[in-house]
1. Please work out how much length the chain gains when fully extended from Q3 to V60, using 0.36 nm per residue of separation minus the C-alpha to C-alpha distance, in nm with one decimal.
2. So which trypsin sites (Lys or Arg not before Pro) in the stretch 2-66 pass both tests, a DSSP loop state and at most 10 other Cβ atoms within 10 Å of the Cβ?
3. Please report the net charge: other residues with Cβ closer than 13 Å to the Cβ of A16, K and R +1, D and E -1.
Amino acid sequence: MVQVTLGTLALRFEKAGPVSIVDRSSAIFIAIVSQIIFFKEIPNTLAIGGLALVTLAVLVQGAKKLDLKLPKLLGKEKKANKIELSKV
């Protein structure tokens, strides 16, 4: 119930692609934590490596989004690096 509500709320502020990536990655994290808590079974290195890759993808996506919004939040605009052909 909570996951559906939070997913719907997230879709109001963000595109569907990033929301679905975070949703699926949280499901993987919850599955591994549930496996440890309820079944007392430690995941193998392949599962831990997969979780690390998925987490890295979510963090990179968040950093990319923050990098795009940061200049606006600081009141500065990023200027494109232009090559002046006349000076070459």
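No value in this document is a laboratory result; all are computed from the given coordinates. Source: prediction; values computed, not measured. Heads up, the Cβs are rebuilt from the backbone with ideal geometry, glycines too, and the neighbour counts pull from every protein chain shown.
1. Values: separation 57, 0.36 × 57 = 20.52 nm, distance 2.26 nm.
Gain in length upon complete extension: 18.3 nm.
2. Values: sites: R12, K15, R24, K40, K64, K65; in loops: K15, K40.
Taking the stretch 2-66 and a limit of 10 other Cβ atoms within 10 Å, the loop trypsin sites (Lys or Arg not before Pro) found are K15, K40.
3. On the way: positive: R12, K15, R24; negative: E14, D23.
Net charge in that neighbourhood comes out at +1.
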